[in-house]
Amino acid sequence: MCYVIITSVSLVWFLCTLIADMLVAVALVTPKWLIAPPTAAATPLERAPSVGIYTRCKHMLERGYHCGRFDLDGFATEGSVYPAEWKAAMFFMSLGLMLLSITVGATLLSCCRQALWGKSLHNLTACAQVLAGISVMLALFLHPLGWRATRVQRLCGVEAEPFYPADCSIGISFYCGLAGLLLTFAAAGISLKAESSNMRTRVRRLVEGGSKLVCIP
């Protein structure tokens, strides 16, 4: 029989996973990990240059303020332009985002299916979310290791070194990644509670009674 079970815990689990996925995506694609200090010549409305894991914003003579990918392509980029630590951070952040995106679908699937390949779907999803959280955590750790790069020292000052951004400030993109990390681990914990809520006696009674849609707070 095809049935759908929706409980308050499973709904919280889905929303937590979805928001974590969106936050990690924002952290990956936006360039606000490190923001350059305001200069004496800058106007209050002038936006400061910034860098992210794979994108940057800077002032260009022919284009003005321009945001985009780094000048060269991906993992072939020289370390002075795109530090090796940032390449690794991008890999782990992308891996975490991919796993989180898969678990968003899994949380929806869990409403009508409790097992997959003979294993609890909730447990499988929780494991994937833990792996996603570890990947994002590694990315958040690796990015500051690249702050000794020439690009960062030009932006933040020659004193910049791992975990010390000198004159730069940490931008919203980093905090989005951190919030996504916390929500990812929270979602992995909520999944266990969601499984038990779906197996309550009241839910089983309604399913055995022929109800195809079960909504219980």
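The values are calculated or read from the model by the stated rules, or taken from the named source; none is laboratory data. Since we're looking at a predicted model, the values are computed, not measured. In this analysis, Cβ positions are derived from the backbone assuming ideal geometry, glycine residues included, and neighbour counts consider all displayed protein chains.
Within the stretch 131-146, count every residue that is touching a Gly at 6+ places or on another chain (Cβ under 6 Å) and of a type in the set (Gly, Ala, Ser).
Result for the stretch 131-146: 2.
As an exercise: evaluate Leu109 against (1) farther than 20 Å from Asp21 by Cα; (2) surrounded by fewer than 20 Cβ atoms within 10 Å (Cβ to Cβ); (3) in contact with a strand residue (DSSP E or B) (Cβ under 9 Å, 6 or more places away or on another chain) and give the number of the one condition it does not meet.
Looking at each condition in turn, Leu109 falls short on (1).
What pairs come out if I take residues in the stretch 181-195 that are among the aliphatic types (A, V, I, L, M) and pair them with residues that are surrounded by 23 or more Cβ atoms within 10 Å (Cβ to Cβ) and not in a helix (DSSP H, G or I) whose C-beta lies under 9 Å away, six or more apart or interchain?
Partner pairs satisfying both residue conditions: Ala194/Ser110.
Here are the criteria: (1) modelled with pLDDT of 75 or more; (2) in a helix (DSSP H, G or I). Tell me which single one Phe75 does not satisfy.
(1)
Whether any residue in the stretch 89-96 is within 11 Å of the chain's Cα centre (by Cα) and either hydroxyl-bearing (Ser, Thr, Tyr) or part of a loop (DSSP other than H, G, I, E, B) (or both) is what I want to check.
yes
Quick check on my filter: what residues within the stretch 158-180 are without any contact (Cβ under 8 Å) to a residue 24 or more places away in the chain and out of contact with any helix residue (DSSP H, G or I) (no Cβ under 6 Å at 6 or more places or on another chain)? Can you show your working first?
Applying the first criterion (without any contact (Cβ under 8 Å) to a residue 24 or more places away in the chain) to the stretch 158-180 yields 158-164, 166, 175.
Within the stretch 158-180, Val158, Glu159, Glu161, Tyr164, Tyr175 qualify.
Can you tell me how many residues within the stretch 122-177 are assigned to a helix (DSSP H, G or I), farther than 30 Å from Ser10 by Cα and among the polar types (S, T, N, Q)?
2
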